[in-house]
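Every number in this text was worked out from the coordinates using simple rules, so none of it is lab data. Being a predicted model, the structure only gives us computed values, none of them experimental. Because the Cβ atoms are built from the backbone with ideal geometry, glycine has one as well, and the counts that use them run over all protein chains shown.
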Amino acid sequence: NSEYEEQVDWTKVKKDTPILVRNSPKDHWYRRYFAYFEDGVVFAYCDGATSWSSSRCGNWIHAKLAPITDEKGTN
């Protein structure tokens, strides 16, 4: 599964937490919101939606927590 799962205890990540996901090491990182973790797989809401606006989720091979940014979007 994900190379990042060992660094994050996904069972403790709260729903709608910002994460970065991709399916291949060569892919671009996509911004998504964490939905749930099941059977070793990270699921995120589709197209940048949150639990408030969507119930559609997709699974991802690579996932990591998004860096914390301020209101202006900088680290």
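DSSP loop trypsin sites (Lys or Arg not before Pro) in segment 22-67 with at most 13 other Cβ atoms within 10 Å of their Cβ, which ones?
Here the sparse-neighbourhood loop sites are K26, R56.
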Quiz item: When only DSSP loop residues count, what chymotrypsin sites (Phe, Trp or Tyr not before Pro) in segment 13-54 have their Cβ near at most 11 other Cβ atoms within 10 Å?
Solution: W52
Exercise. Give the shape of segment 1-62 as rounded, prolate or oblate, defined through the alpha-carbon gyration tensor: a ≥ b ≥ c are the square roots of its eigenvalues, a/c under 1.5 means rounded, and otherwise the shape is prolate if a/b is larger than b/c and oblate if not.
Key: oblate
Exercise. Loop only per DSSP, at most 13 neighbouring Cβ atoms within 10 Å: give me the GluC sites (Glu not before Pro) in segment 6-75, ordered by residue number.
Key: E6, E71
